[in-house]
Structures are given as C-alpha cells and as structure tokens.
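Contents: one structure, followed by commentary.
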Amino acid sequence: MIISDYALEIKQSGFSVYEHKTISQINQGVTPNEISKYQSAFRKIIEVKGHSAELDTVLTSFIDLDNVDADLKNKKLVIAFGDERFVYKTPDYIDYIKAYFHPTTEFPVEIALNYIRKYSSQSTLPLTRFIRTANGGFDQSLVRKLPDLAEKIKKRNQKFNSLKTIITGINTLARDAESILDNMLFKSPLEVFKDTKSKVNENNKIRYITVNIEKYSSNDLAIFTDYLIKNVLPKTLENTDFRKYFASYAFTLDSNTLELKI
C-alpha cells in the first residue's frame with residue numbers, strides 16, 4: 001500500500017520510508033505535557049479576569065480560525081481547548097422553550113430528555129415535540145435513568161393530556177379584568193399583552209390570553225410567542241402563568257401526547 005501524501009510505502013516484508021525529511025516536517029501539534037505547563041496560568045487568568053467581568057467568549061473551531069472577525073484580535077477572550085466538535089451547556093427553562101418552538105441542531109434531543117428528567121410529573125413543561133423526535137431514535141447512552149424518565153413522562157401525560165387540562169388549572173383572573181379586556185375588543189394576543197390603557201397587569205393578561213387561546217389564529221400566536229421569548233425577562237417567563245401559556249400553545253401546535261419508547 002502506498003500513502004502518497006506522506007511518501008510512505010508498506011511492503012509485505014516490512015516497510016521503507018522515503019523522503020524522511022518531508023515526513024519529519026509534519027506538525028504534530030502541542031503535546032499534553034506542553035499544555036500542562038500553561039494550565040495553571042490559563043486557570044488564573046480566567047479566575048481573576050472572569051470574576052471582574054473583563055472576559056468575553058467566542059465559540060469556533062480550528063477550521064474557522066482564519067475567518068474570525070478582525071475586531072476579536074483586540075478583545076480579552078477565554079481560550080478553551082478540546083477534542084470534541086460540540087460543547088454543551090446545561091440548559092435553563094428559556095433555552096428549552098426556545099428550542100421547543102424553534103427546533104435547532106444546537107439543542108440535541110438527548111439534552112432535552114435530560115432536562116425533562118429534572119422536572120416533576122406535575123410540571124406543565126411541553127414535551128410532545130421532543131418525545132416525537134426521540135422516538136425516531138436517539139443515543140440512549142447519553143440520557144440518565146431512562147426507565148424513570150419514561151415513567152415520569154407517562155404520569156405527566158396522564159395529568160395533562162389535553163389543552164383543557166391546562167386551562168382549567170389557570171388561576172382566576174382578578175375582579176373585572178376579564179370584562180375589561182373583553183370590552184377592549186383586541187384582535188390578537190399581542191395587542192392584549194401590550195395594552196397600556198386597561199391597567200390590567202401582565203399576569204392577568206397572560207391568563208386571559210391562555211384561557212382564550214383557541215380564539216386566536218396560529219399566526220398571531222406564533223408572533224406573540226416569539227415576542228415573549230425575545231422581549232420579556234426570563235424570570236418573568238418562568239412564572240406559573242407564563243409556563244401555562246407555553247404549555248397551552250404547545251397543545252395548539254400538536255394536540256397529542258406521546259410516551260417515550262426505550
């Protein structure tokens with residue numbers, strides 16, 4: 001066999017090397033021993049400068065280094081070395097919701113399943129889209145305690161098996177809030193939410209929208225959901241009333257519940 005790129009020829013009786021000088025010029029990269037010499041220095045920089053919020057982060061790969069924006073050259077950046085193509089962070093509720101309503105390859109289904117596992121079977125967390133994807137095939141070695149997760153999903157589906165089961169659990173609107181918003185004759189959920197004349201607070205508005213969710217068009221609901229994700233503070237979106245809205249919206253997109261196949 002001949003490997004022309006490295007001028008190496010392998011024969012039955014052994015092998016002989018041609019152009020040894022060319023081969024010796026191959027850059028083998030930095031050895032682990034050399035990296036270890038600078039490990040403590042990297043750690044110190046990150047600890048000191050990171051604590052004082054003087055660092056930024058940029059995710060790239062070796063094939064992109066030549067194309068990194070020129071203005072990054074003058075920035076203080078954390079440099080991380082690794083041998084994996086993907087780097088995952090632990091998602092939060094907002095990450096999950098964004099990925100649920102806007103599927104992306106940057107949020108693998110295995111990450112979603114591990115996130116779901118953290119929640120109680122009493123949670124209104126939307127599930128169906130990720131379960132449907134998982135049932136099409138996923139790496140089971142990357143998901144912990146699968147039998148427990150499958151049982152949790154089953155119990156959750158039994159408790160919340162339709163849009164109605166979400167809506168009936170919504171807190172009652174404050175006195176007169178419903179009639180006030182009814183009389184405003186708003187046509188879309190975004191109009192309701194952005195209203196400044198009625199003096200109805202956000203929690204009552206999102207309850208009103210959720211209770212009346214079937215009256216709005218799918219396009220108006222999509223626009224409103226995007227608005228919430230992009231413009232409302234994460235802490236607010238994590239409140240129960242907003243969580244129930246997202247659960248209800250998920251049911252308008254897909255009314256089915258699915259069990260996890262393992």
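Rule-based calculations on the coordinates, nothing more; no lab input. It should be emphasised that the depicted structure is a prediction, and the values quoted were computed from it without experimental measurement. Cβ: placed from backbone, ideal geometry, glycine included. Neighbour counts: every protein chain shown.
With N denoting the number of residues in region 148-262, provide Rg(C-alpha) divided by 2.2 N^0.38 Å, to two decimal places.
1.14
How far is it, in nm, from the label point at residue 94 to the one at residue 184 when both lie 7 Å from their Cα along the line to the Cβ?
Going by the 7 Å Cα→Cβ label model, 2.4 nm.
Pairs to check: 98/199; 215/235; 118/155; 164/215; 98/197; 98/244. Give those whose C-alpha atoms are more than 24 Å from each other in this structure.
Pairs exceeding the cut-off: 98/199; 215/235; 98/197.
Any idea what the alpha-carbon Rg over 2.2 N^0.38 Å comes to for region 106-151?
Rounded to two decimals, the normalised Rg is 1.06.
Can you tell me the relative contact order of region 150-224? Whole percent, Cα pairs under 8 Å, sequence separation 6 or more.
That works out to 35 percent.
For region 126-203, what ratio Rg/Rh do Cα atoms give with a Kirkwood hydrodynamic radius?
Ratio of gyration radius to Kirkwood radius: 1.20.
In region 147-252, which trypsin sites (Lys or Arg not before Pro) fall in coil by DSSP and have 16 or fewer other Cβ atoms within 10 Å?
Answer in residue order: 175, 187, 197, 199.
What is the set of long-range amide H partners of residue 239 at a cut-off below 5 Å, with H atoms built 1.01 Å from backbone N?
none
How far apart, in nm, are the 7 Å Cα→Cβ label points at residue 214 and residue 197?
2.9
What distance in nm separates the two pseudo spin-label positions at residue 231 and residue 118, each 7 Å out from Cα along the beta-carbon direction?
Taking the simple label geometry, residue 231 and residue 118 are separated by 2.8 nm.
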